[in-house]
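Below: the structure, in structure tokens.
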Amino acid sequence: MRFFNDPKEILEQTTLVDRFVSYVQIDTTSNEKSEACPSTEEQWVLARKLVEELQALGLEGAAVDDNCYVTGSLPASHTDATTVVGLIAHLDTSPAAPGKNVRPVFHEKYDGSTVVLKDGVTIAPDDNPTLLECIGDTLITSDGTTLLGADDKAGVAEIMTVLSYYKDHPQLAHPAIKVGFTPDEEIGRGSDKFPIDTFGADVAFTLDGTHPGEINIETFNADSAFVTFTGVSTHPGTAKGKLVNAMRYLATFIDRLPAEVSPECTEDREGFIHPVDLDGTASKCRCHLILRDFDEDKLAALGKTVAAIARDIETEEPRVKVQVEIKRSYPNMYQFLKEKPEILEKLQEAVRQTGLKPQLVPIRGGTDGANLTRKGLPCPNIFTGGMNYHGPTEWISTRAMGLSVCTVLNLMTLYAK
Ligand SMILES: [Zn+2]
């Protein structure tokens, strides 16, 4: 059985970095304002390129579907193991920062100093202690005017490199591998149209994490609350004693939300209530809040807090009608993954065989894997090496990318056993 722990070997024997650089130069920024799937036409460009590359690597059935989901399949080799393993990454980049005209900049033999980019953008070890683990590495950043797109093109490049490694080393044992590249993850739609029924994997892994060694089997439980205030409208000139302005009551509602239970005041395993969007008029208005907690009961309590504040306002002014609607966004995938401890055991072993200490970090957010896990495809998340996602200070060490490839190769070895 062969395990991999030398990222240099991967970097020397594969085109991992070249692949990454070619992907980040394709603008695939998603757009939450678009209802279309994919939300931006540009994502097709990368999707079609990946189909061609998958075909060149000999994958069976490599194709992109009508919704821009790329899939392909590599049959098992030198193994009787029957578990089919999926590897998933997303094509799009975050709309939070420009993703067009990304010009990757290489910082060879990084010396531990502050990285200086265009427009006064700097990446300093003080704010990025991980940089000091990368002295001597080659770092890749943008030029400072765009994001880099390591989220998640590092994941895409790492998966493609694993496949190319198997093409070049046909003697290696691996299970049947299904590959999936999804559009629109950054706007929360990556798993919406994922062809889970035809994908055919028993277990899958997203490559969409960060720091080497980090693996994620927990996400928030996530709900959305929609609170609608309906007042009484009259002509403002003759409104005395009659008009009830819904917006004033909505303002009171937001003011009464517990400030300490906000994203800006919480960390680690603490949950929060976060008003994200408002719309409406004086007669009727609506607030969208997101509610997050790792614990299902605590999340339900956040919903009750929101409803109680709304009810109090209605009691104080019966002429204002308040409606509270709570909807599920995604569940903590841990509640499903804990039923299958062998997945985590293999994943941790793969990280250990890479020479890293597995770190289980709960994600204060969601992943494509959270919804896929809920739909029946268990799907933890693996590090890619990328850091500072969604902004111009995004960076990645090529060594960390090599470590990610080693980890996935080791995981496949374990699944071939
Ligand atoms: Zn991502």
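Is there a residue in the stretch 60-79 that is out of contact with any Pro (no Cβ under 8 Å at 6 or more places or on another chain) and closer than 20 Å to Leu139 by Cβ? Scanning the stretch 60-79 turns up no residue that is out of contact with any Pro (no Cβ under 8 Å at 6 or more places or on another chain) and closer than 20 Å to Leu139 by Cβ.
I'm trying to understand the selection: among the residues of the stretch 377-410, which are polar (S, T, N, Q) and either out of contact with any helix residue (DSSP H, G or I) (no Cβ under 9 Å at 6 or more places or on another chain) or on the phi > 0 side of the Ramachandran plot (or both)?
Step one: filter the stretch 377-410 for residues polar (S, T, N, Q), giving 381, 384, 388, 393, 397-398, 404, 407, 410.
The answer is Asn388, Thr393.
Scanning the stretch 140-176 for residues being farther than 12 Å from Val105 by Cα and either in contact with an Asp or Glu (Cβ under 6 Å, 6 or more places away or on another chain) or of a type in the set (A, V, I, L, M, F, W, C) (or both) gives a total of 13. Ala56 passes every criterion in (1) surrounded by 15 or more Cβ atoms within 10 Å (Cβ to Cβ); (2) closer than 22 Å to Val179 by Cβ; (3) among the small types (Gly, Ala, Ser) apart from (1).
Summed over the stretch 345-378, residues that are touching a residue at least 60 places away in the same chain (Cβ under 8 Å) and either under 12 Å from the mean Cα position of the chain (by Cα) or in a helix (DSSP H, G or I) (or both) total 17. Taken over the stretch 333-384, the criterion of being touching a Phe, Trp or Tyr at 6+ places or on another chain (Cβ under 8 Å) and among the polar types (S, T, N, Q) is satisfied by Gln353, Thr354, Asn371, Thr373, Asn381. Of the residues that sit in the stretch 150-189 and are on the phi < 0 side of the Ramachandran plot and of a type in the set (Asp, Glu), which one is surrounded by the most Cβ atoms within 10 Å (Cβ to Cβ)? Applying the filter and picking the extreme gives Asp152. Filter the stretch 63-114 down to residues that are in contact (Cβ under 8 Å) with a residue 60 or more places away in the chain, part of a strand (DSSP E or B), out of contact with any Ser or Thr (no Cβ under 6 Å at 6 or more places or on another chain) and hydrophobic (A, V, I, L, M, F, W, C), then give me how many there are. Final tally of qualifying residues: 5. Residues satisfying the criterion are absent from the stretch 348-360 (criterion: among the aliphatic types (A, V, I, L, M), within 16 Å of the ligand (Cβ to nearest atom) and at pLDDT 95 or above). The condition of being farther than 30 Å from Lys340 by Cα and of a type in the set (A, V, I, L, M, F, W, C) does not hold for Phe220. In the stretch 246-262, the residues that are assigned by TED's automatic domain parsing to the domain that holds Ser283 and under 15 Å from Ala301 (Cα atoms) reach residues that are in a helix (DSSP H, G or I) and among the hydrophobic types (A, V, I, L, M, F, W, C) with C-beta atoms within less than 7 angstrom, at least six apart or across chains, in these pairs: Leu257/Ile309. Among the conditions (1) in contact (Cβ under 8 Å) with a residue 12 or more places away in the chain; (2) farther than 19 Å from Asn245 by Cβ; (3) surrounded by fewer than 15 Cβ atoms within 10 Å (Cβ to Cβ), Lys304 misses just one, which is (1).
The values are calculated or read from the model by the stated rules, or taken from the named source; none is laboratory data. Please read these numbers as outputs of a predicted model, since none were measured by experiment. A quick note on method: Cβ atoms are made from the backbone with ideal geometry, for glycine too, and the neighbour counts reach across all protein chains shown.
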